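Novice: My questions will all concern the structure given below.
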Amino acid sequence: MVQQSAAMPGKTTGNIYRYYILFVMMLTYMFNITDRMVMSILIEDIKADFVLTDTQIGLLAGTAFTLFYVLLGIPAGRLADRTNRKKMVSIAVSLWSLMTALCGVATGFWTLFLARLGVGVGEAGGNPPAISILTNYFQSHELSRAMGIFSVGAVLGPVIGFVAGGLLAEAYGWRWTFIILGLPGVLLGLLIYLTVREPDRSQFSNAGEETKATTQEPFATTMTSLWKNRIFIRVALANALAVTASYAFAIWLAPILIRNFEIPVSQVGIYLGIVWIAGGVPGMIIGGFVTDKLALRNPKWRAWYCAIVVLIALPLLCLCLLTDNLVLALILYAIGYGVHSSTQGPAIAMMQSSVSPTERGTASSIASLSATFLGYFIGPAVAGAISDSLAPDHGTLSLNYAVIGITILSLTLAILAYLYAARAVPEKPLQKA
């Protein structure tokens, strides 16, 4: 029987509160993605205003954001394993929101680059403590669904970024769009600080751990433990490869639609907002619930499920960039994205349930760092460079081909990595409390 903490409401008396915590952490993820992704809908306006190339845009949209994110990700995860996590989330969301607002006063490429660096600094400290908190509010057999609901923030974030960003950009310009969408995150940071209670780290810890795990191991010991953890390493790699394609679409799909179909930015924002909700919200939630059920029979199903749905998503995502019909392109993307996004709940659950309580923040930061490095630091700049090189021969379709190439490579490797990860997952069924 897991010991209850005074700071942690019991399963029966605190059920509403723990779902409130889940909702608030989902909102932080939503603001996290909104503030990093609003850049996508503003790309064409910024490119015209500052006279930039696709390569420079790729650096702004991805590399600038991830530079300090990569450097600070693991230290932030370590901090999440030893300090008050709710305070850390509160500070992080306030910081990246302020830096997003500052993007609106940039005077050129380099000032905007520096502001995007600041967004990455704040966001490096957001997800690791948020995910760590949730593992102490939800048990192992319900963790996939909790992480699936948490990951809905990754869907709603771009929806707000695309819809609100497109409408605001058309009405007030790209500068005010950054400011208006950035500042509300400061209020969310205050709400978290005032209402979220820090849970006991040993709450709902791994099977057989009945004592509090509050003493953090030395950094080298933790890193060695994670490196030897076959489940964590393999799933982290598979997840990073899978989300590389998602990030490529999230950053480049709006400019692709604008260039290929010559539609206004506000209209693109609405279209993509509808698509992300229609595909992403059910995908995130259903994937978590389905894999929690399957994992009660055999935990390997979490990895098998991810491999299967990524295989289904691959042709759909590629075909949506090859059609000259706007409606068909949106439908194919909605289905492909919805299927693909259903991997997030089980992937996070596999990683978090495979590590000890005092490794969760570090593990989460390493997983986020890996995904961000591939998906944001390398992916956007590479796609932009490929697009620039193909432009003389393929015109506006050059960006389509660049994203297709990245999608085929990353998702094929992700499928193989998930199948490899399944071999490390034990077959013993998960037990309900």
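The values are calculated or read from the model by the stated rules, or taken from the named source; none is laboratory data. Because the structure is predicted, anything quoted here is derived from the model rather than measured. Don't worry about glycine lacking a Cβ; one is built from the backbone with ideal geometry, like all the others, and counts go over all protein chains shown. Please note that ligands, DNA and RNA were not included when accessible areas were found on the heavy atoms of the full protein model with its side chains. Shrake-Rupley method; radii C 1.70, N 1.55, O 1.52, S 1.80 Å.
Novice: Over all directions, average the projected area of the Cα convex hull of the stretch 46-186 and note it in nm².
Specialist: 9.0 nm²
Novice: Calculate what fraction, in whole %, of the accessible area of the stretch 30-128 sits on carbon and sulfur atoms when a 1.4 Å probe is rolled over the protein chains.
Specialist: Solvent-exposed carbon and sulfur of the stretch 30-128 make up 72 percent of the total.
Novice: Next question, about the same structure. If I model the stretch 214-255 as equal point scatterers sitting on the Cα atoms and use the Debye formula, what is log10 I(q)/I(0) at q = 0.17, 0.30 Å⁻¹?
Specialist: Log10 I(q)/I(0), no solvent term: -0.62, -0.94.
Novice: Out of all Cα-Cα pairs in the stretch 125-164, roughly what percent, to the nearest whole number, are more than 13 Å apart?
Specialist: Counting pairs separated by more than 13 Å, the tail of P(r) holds 58 percent.
Novice: In debye, nearest 20, what is the charge dipole magnitude of the chain about its Cα centre with +1 on Lys and Arg Cβ and -1 on Asp and Glu Cβ, if you could check?
Specialist: In total the dipole reaches around 1500 debye.
Novice: Also: For the cross-link pairs Lys228/Lys300; Lys87/Lys300; Lys293/Lys428, which exceed 25 Å when the distance is taken from alpha carbon to alpha carbon?
Specialist: Check vs 25 Å cut-off fails for Lys87/Lys300.
Novice: Using a probe of 1.4 angstrom, how much of the accessible area of the stretch 312-433 is carbon and sulfur, in percent?
Specialist: It is 70 percent, rounded to a whole number.
Novice: Counting alpha carbon pairs within less than 8 Å and at least 6 residues apart, what relative contact order, in whole percent, applies to the chain?
Specialist: Relative contact order, the chain: 27 percent.
Novice: On to the next question. Between the alpha-carbon centers of the stretch 344-379 and the stretch 382-398, tell me the distance in whole angstrom.
Specialist: Their Cα centres are 32 Å away from one another.
Novice: With +1 on the Cβ of every Lys and Arg and -1 on the Cβ of every Asp and Glu, and nothing else charged, how large is the dipole of the stretch 306-433 about its Cα centre, in debye rounded to the nearest 20?
Specialist: 560 debye
Novice: Along the charge dipole of the stretch 35-151, Cβ charges K/R +1 and D/E -1, which of Tyr137, Trp110, Leu98 sits furthest on the positive end?
Specialist: Tyr137
Novice: Quick one: check the C-alpha center-to-center distance for the stretch 273-332 versus the stretch 76-114, whole angstrom.
Specialist: 30 Å
Novice: To two decimal places, what compactness ratio does the chain give when its Cα radius of gyration is scaled by 2.2 N^0.38 Å?
Specialist: It is 0.93.
Novice: Moving on to the next point. What Kirkwood hydrodynamic radius, in Å, does the stretch 234-277 give when the mean of 1/r is taken over all pairs of distinct Cα atoms and then inverted?
Specialist: Final number for the Kirkwood radius of the stretch 234-277 is 11.7 Å.
Novice: A further question follows. Hey, how much of the P(r) for the stretch 336-379 falls beyond 17 Å, as a percent of Cα pairs?
Specialist: The calculated P(r) of the stretch 336-379 puts 44 percent of pairs beyond 17 Å.
Novice: Angle check, please: helix 184-195 long axis (alpha carbons) against the longest principal axis of the chain (alpha carbons), in degrees 0 to 90, nearest 10.
Specialist: 10 degrees
Novice: Once every DSSP H run of n ≥ 4 in the chain is given -39500 (n - 2.57) and the sum is divided by its residues, what mean residue ellipticity at 222 nm do you get, rounded to the nearest 500 deg cm²/dmol?
Specialist: Helix-only estimate at 222 nm: -25000 deg cm²/dmol.
Novice: If you fit an axis through the alpha-carbon atoms of helix 230-261 and take the longest principal axis of the Cα set of the chain, what angle between them do you get, 0 to 90°, nearest 10?
Specialist: Approximately 30 degrees, to the nearest 10.
Novice: With Rg and the Kirkwood Rh both taken from Cα atoms, where does Rg over Rh land for the stretch 80-154?
Specialist: 1.12
Novice: At 1.4 Å probe radius, can you tell me the per residue accessible area of the chain in Å²?
Specialist: Computed with neighbouring chains in place, this is 38 Å² per residue.
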